[in-house]
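A short write-up of the structure that comes next.
Computed from the coordinates by the stated procedures, all read-outs in this text should not be read as laboratory data. Quick caveat: nothing in here was measured; it's all calculated off a predicted structure. All Cβ positions, even for glycine, are placed from backbone atoms using ideal geometry, and neighbour counts span all protein chains on display.
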Amino acid sequence: MKFTATASAHPNIAFIKYWGNRDDNPHLPANSSLSMNLEGLTTTTTVCFDERLKSDVLILNKEGITGEGFQRVHKFLNHIRQLASKSTYAQLESVNNFPTGAGLASSASAYAALALAATRALGLELTEKELSRLARRGSGSACRSVPAGFVEWQAGEDDSDSYAFSIASPEHWGLVDCIALVNRSHKKFSSWQGHRLAATSPLQSARVKDCQRRLRLCKEAILEKDFKKFAEVVELDSNLLHAVMMSSQPALLYWEPATIEIMKAVIYWRETGLAVCYTLDAGPNVHVICRSSLKDETKERLLNLRGVKDVIAAKPGGGVKLIE
């Protein structure tokens with residue numbers, strides 16, 4: 001007998017970053033964070049629990065996955081099987097329509113889609129809060145890809161209250177994320193590894209201590225649609241994140257020459273009248289945020305910079321959804 005379901009989810013770009021855990025096992029974060037889902041960038045995952053299978057099978061972008069990536073998914077499925085009181089193994093087929101493992105939050109959309117597809121396939125109907133908590137166990141930032149639009153992930157005290165929720169709908173503010181791709185390759189150090197190194201940086205405690213202030217400012221800027229306030233706090237938070245990465249042991253150096261050129265150009269453009277700002281996750285590609293009316297000009301300017309191979313533009317996106 002087979003039990004199958006398909007779900008899709010968007011990755012998200014964090015404006016106030018998640019980096020480092022208080023507890024690695026259920027991914028309880030060192031600080032709260034704030035993000036925006038990215039419309040048009042999608043992970044689509046089909047989960048089929050099949051009594052004939054002798055083990056779980058993971059297929060990503062039409063290639064079989066083994067090793068650490070498989071073990072993380074297998075562990076996640078074991079937790080869902082326990083929730084459903086089932087023991088059947090599953091075949092997962094997942095496809096990303098954007099670069100995987102390049103700092104575009106592919107694990108966020110992957111585990112959000114997997115959480116919904118796997119639970120529905122086994123007959124579980126979770127609330128958004130429950131689904132966000134579950135997705136967090138696979139990848140911390142996946143909990144933010146469950147709700148729609150602009151999303152806050154509260155760090156919480158324990159597993160029960162560490163989850164994400166929408167603070168504004170996708171239609172609330174016409175922002176666009178123009179993602180300047182300088183390298184599509186899978187990064188050497190995954191975010192999962194980086195979170196474990198965060199505490200080795202002498203700057204991490206200061207970043208975390210000031211986080212709630214930055215989150216409050218960013219949340220106010222989003223709700224008030226104040227781009228100037230938004231740009232200042234978003235760039236500060238991104239710089240703090242990478243300062244922690246660069247001062248970890250070992251140091252994580254994700255930037256490439258083109259990365260720095262884009263950041264410098266964005267600062268200059270804003271100083272000369274173009275309302276843009278940058279933010280980077282764990283990778284060399286730069287997310288350049290602007291109002292929707294400035295999307296075409298921003299894309300054109302980015303494509304004229306040396307080292308920029310392509311630009312993907314994404315507006316605020318919806319939450320995880322089941323595909324019938």
A student applying the Cα gyration tensor rule (rounded when a/c is under 1.5; otherwise prolate if a/b is larger than b/c, oblate if not) would label region 17-104 oblate
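Find the relative contact order for the chain and round it to a whole percent, using C-alpha pairs within less than 8 Å whose residues are 6+ positions apart.
On the way: 742 pairs, mean separation 82.7, N = 324.
Across the chain, relative contact order equals 26 percent.
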Please report the relative contact order for region 2-170, taking Cα pairs under 8 Å with a sequence separation of at least 6, and give it as a percent rounded to a whole number. 29 percent
Would you grab the residues whose amide H sits under 5 Å from the one on ILE179? Only those 5+ places off in sequence or on another chain, please, with H modelled 1.01 Å from N. VAL288, ILE312, ALA313, ALA314
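May I ask you to sort THR66, THR119 by Cβ crowding, counting other Cβ atoms within 10 Å and putting the fewest first?
Neighbour counts put them in this order, fewest first: THR66, THR119.
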Write out the GluC sites (Glu not before Pro) in region 37-89 meeting two conditions: DSSP loop, and at most 16 other Cβ atoms within 10 Å of their Cβ. GLU51
Connecting every pair of Cα atoms under 10 Å apart in the chain and solving the GNM, the largest mean-square fluctuation among GLN154, GLN249, GLN204 falls on GLN249
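What trypsin sites (Lys or Arg not before Pro) does region 213-267 have in DSSP loop regions with at most 14 other beta carbons within 10 Å?
Values: sites: ARG213, ARG214, ARG216, LYS219, LYS225, LYS228, LYS229, LYS264; in loops: LYS225.
Loop-located and lightly packed - LYS225.
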Go ahead and estimate [θ] at 222 nm for the chain from helices alone: -39,500 (n - 2.57) per DSSP H run with n ≥ 4, summed, over the residue count, rounded to 500. -11500 deg cm²/dmol
Only four residue types carry charge here, +1 at the Cβ of Lys and Arg and -1 at the Cβ of Asp and Glu. Report the dipole size of the chain about the Cα centre in Debye, rounded to the nearest 20. 360 debye
Residues with amide H under 5 Å of ALA168's amide H, sequence separation 5 or more or different chain, H placed in the peptide plane at 1.01 Å from N; which? PHE150
Cα-based convex hull volume of region 175-314 per residue, rounded to whole Å³: 110 Å³
Is the C-alpha gyration tensor of the chain telling us rounded, prolate or oblate? Criteria: a/c under 1.5 is rounded; beyond that, a/b larger than b/c is prolate, otherwise oblate. prolate
Rounded, prolate or oblate: which one fits region 67-198, using the alpha carbon gyration tensor with axes a ≥ b ≥ c (rounded when a/c is under 1.5, else prolate when a/b beats b/c, else oblate)? oblate
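Taking the Cα centre of region 184-324 as origin, sum charge times position over the Cβ atoms of Lys and Arg (+1) and Asp and Glu (-1), and report the length of that vector in debye to the nearest 20. Don't skip to the end; give the middle numbers.
Working: 23 positive and 16 negative charges, 48 e Å.
Using only the charged Cβ atoms, the result is roughly 220 debye.
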Between the DSSP loop rule and a limit of at most 10 other Cβ atoms within 10 Å, which trypsin sites (Lys or Arg not before Pro) in region 17-85 are left? ARG52, LYS54, LYS62
Taking the Cβ of ALA265 as the centre, find all other residues whose Cβ is under 15 Å away and add up their charges (Lys, Arg: +1; Asp, Glu: -1). -1
